[in-house]
DNA sequence: ATCCTGCGCGCG
DNA sequence: AAAGCGCGCGCAGGAT
């Protein structure tokens, strides 16, 4: 059951003296299955991982607090009714935890929540054992008295499992080949320039742009500068967005687009990035669990969730190891089918390609139409070819389309919407309501009205998407939790003749190294790759059953195995 | 000097 | 084919 951890403070001393042996023993005890309950996973788990200890389950009070405070299903609970307090304002703890000053020190970590004096005026008194117990009791009550205890319990378990996985991925890091990355950069940009200078190839392109626009002092990095120069030569552009520039026929455009592309690579993932983020052959992203309103993860530092395709070839497995890259196929429309209990859409997704299934059943003429149409339905698109196929989709899949329409209407009224497991959208802010009121007053001009209308629709698009993206995030959390457990159960494998570069507790074991909304990457000893691929696939099906029970919607995954991430992803 | 905002683009 | 959702980041330029 819950083992409440006395978390005495968020200072370095908290992590210094973890009773590693006690935790390891409790984890190993047959049938014990402790659920470590702590204020913040990042406060405790990094220290345990550094000591080589993996835990199976936890309850992250901070994350659970956030969910339960805002869920419409637990709105009547004491937890939700009380004014904002210490748990609403916990300082962020970095993914690597807090580094202990040294090894000596007493045992601050107890299996029994020892009452601990926080010291006179201790700012972190709210984090001590008794406070954790009080908070846990309030959370369990909020769940038990909620409109759907089973679903909320699953959400909290999944969120906490995600926190464990995120800490583990940070610990393991993404294997990164700096030499290969440098090759990619030199391929595109030429030699590394001196500090502060631009690569020669970018300089050449800049010169071409200046010549073509007859603007010798043009700074290609300055948007106003570029826009002015383009308009001066008579081009009817309103911005410098690539897709708009591509419509235009002028000799300056090609070098300008090429410059922008290289500039992006150079500044976002160039040599400076490599120096800053890759150490000892690993990129260690900091994941922010629940960092997105919809429940998706965010990241901070290094742009972990935006690794461009260009440099993915630098992601290289250790010698004797490979990546298993798994991608959930058309996750969001499948989730929508499950949410809406839409038998016909589930039927279309019975194979491995839901969009192709829509073509095969005669709903739309091409896969591209199916895709753009569904994206439009889920995002609230109103123009172009997306809007053109919408009526056909509405006729074929009335249940799914009605679900997203209802979510949009709720948002337009200023109401909240809720995902399958209970995560609830935020309410629009005060200025949103002000604009609505203003537009309804007698002296409202046309401008105020159209502004209010645009804002109304925008919030409707947000809630429309929230139910789908948010439930997809829940599916993904369950998937991760399943994969994490199954990988551990696979055990380890000898990788002959190679020095272990994978840190404890994952030495010799397949482990997660990357997660991106509907895709995950496992780094595994090569001999276990096929077993990992099978588990990842089965875990996706298991996640579907956790969320949608007997409703027959499939969640196929495409799996690739390779030593290079880029190749595993598009090679197969 | 430092903070903030808008833009554009990378990812899903 | 080209606009609708969610993000993080770097840069330029204005505000402080």
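What follows is calculated from the coordinates using simple rules that are stated; it is not laboratory data. Bear in mind the structure is a predicted one, so any value in this text is a computation, not a measurement. No Cβ is skipped: glycine too gets one built from the backbone with ideal geometry, and neighbour counts run over all protein chains shown.
How would you rank A:208-220, A:68-80, A:440-452, A:152-164, highest first, on the average number of other Cβ atoms within 10 Å across their residues?
For the peptides A:208-220, A:68-80, A:440-452, A:152-164, the packing ranking is A:152-164, A:68-80, A:208-220, A:440-452.
Using the 2.2 N^0.38 Å rule of thumb for compact globular proteins, work out how the range A:234-283 stacks up: its C-alpha Rg over that value, please.
Cα-based Rg divided by the globular estimate yields 1.63.
Ordered by packing density, taken as the mean number of other Cβ atoms within 10 Å over each peptide's residues, highest first, how do A:33-46, A:338-351 rank?
In decreasing order of mean packing, A:33-46, A:338-351 become A:33-46, A:338-351.
Measuring from a point 7 Å past the Cα of residue A:241 along Cα-to-C-beta, which residues in the range A:440-466 have an amide N at less than 19 Å?
The answer is A:454-455, A:457-459, A:461-462, whose backbone nitrogens lie closer than 19 Å to the label point.
For chain A, what relative contact order do you get, as a whole percent, if you take Cα pairs closer than 8 Å and at least 6 residues apart?
Relative contact order here is 17 percent.
Quick check on the exposure proxy: order A:413, A:486 from fewest to most C-beta atoms within 10 angstrom.
Ranking A:413, A:486 by Cβ neighbours within 10 Å, fewest first, gives A:413, A:486.
Find the relative contact order for the range A:465-518 and round it to a whole percent, using C-alpha pairs within less than 8 Å whose residues are 6+ positions apart.
So the answer I get is 37 percent.
Kindly provide the helix-only [θ] at 222 nm of chain A, computed as the sum of -39,500 (n - 2.57) over DSSP H runs of four or more divided by all residues, to the nearest 500 deg cm²/dmol?
Roughly -16000 deg cm²/dmol at 222 nm, from the helical runs in chain A.
Sticking with the crude label model, points 7 Å out along Cα→Cβ, report the distance from residue A:550 to residue A:292 in nm, one decimal please.
Simple spin-label model gives 3.4 nm for this pair.
When N counts the residues of the range A:268-350, how does its alpha-carbon radius of gyration compare numerically with 2.2 N^0.38 Å, as a ratio?
1.51
Where does the range A:446-572 land on Rg(C-alpha)/(2.2 N^0.38 Å)?
Cα Rg divided by the expected 2.2 N^0.38 Å: 1.45.
Once you wrap a convex hull around the alpha carbon atoms of the range A:192-328, what is its projected area averaged over all directions, in nm²?
The orientation-averaged projected area of the Cα hull of the range A:192-328 comes to 11.9 nm².
Express in nm, to one decimal, how much length is gained between residue A:56 and residue A:145 on full extension, taking 0.36 nm for each residue of separation and deducting their alpha carbon distance.
The span from residue A:56 to residue A:145 would gain 29.3 nm if fully extended.
Rounded to the nearest Å, what's the spacing between the alpha carbon centres of the range A:290-353 and the range A:416-430? Just the number, please.
23 Å
How much space per residue, in cubic angstrom, does the convex hull of the C-alpha atoms of chain A take up?
In chain A, the Cα hull volume divided by residue count equals 205 Å³.
If packing is taken as the average number of other Cβ atoms within 10 Å across a peptide's residues, how do A:403-409, A:196-202 rank, most packed first?
Result, highest mean Cβ count within 10 Å first: A:403-409, A:196-202.
If I stretch the segment between residue A:526 and residue A:360 completely, what's the gain in nm (0.36 nm per residue apart, minus their alpha carbon distance), one decimal?
Using 0.36 nm per residue and subtracting the Cα-Cα distance, I get 56.0 nm.
In percent, how large is the relative contact order of the range A:328-467, given Cα pairs closer than 8 Å and 6 or more residues apart?
Once divided by the residue count of the range A:328-467, the mean separation gives 22 percent.
Could you work out how far apart the two model spin labels at residue A:182 and residue A:413 are, taking each label as a point 7 Å from the Cα in the direction of the beta carbon, and quote it in nm?
That separation, rounded to one decimal, is 6.2 nm.
Mind listing the Cα extents of the range A:509-566 along all three principal axes, in Å, largest one first?
Cα spread of the range A:509-566 along its principal axes, largest to smallest: 37, 22, 17 Å.
Percent antiparallel among DSSP beta bridges with both residues in chain A, to the nearest 5?
Looking only at bridges with both residues in chain A, the antiparallel portion is about 80 percent.
At a Förster radius of 30 Å, what calculated FRET efficiency corresponds to the Cβ-Cβ distance of residue A:442 and residue A:249, to the nearest 0.05?
That pair, residue A:442 with residue A:249, gives E of 0.05.
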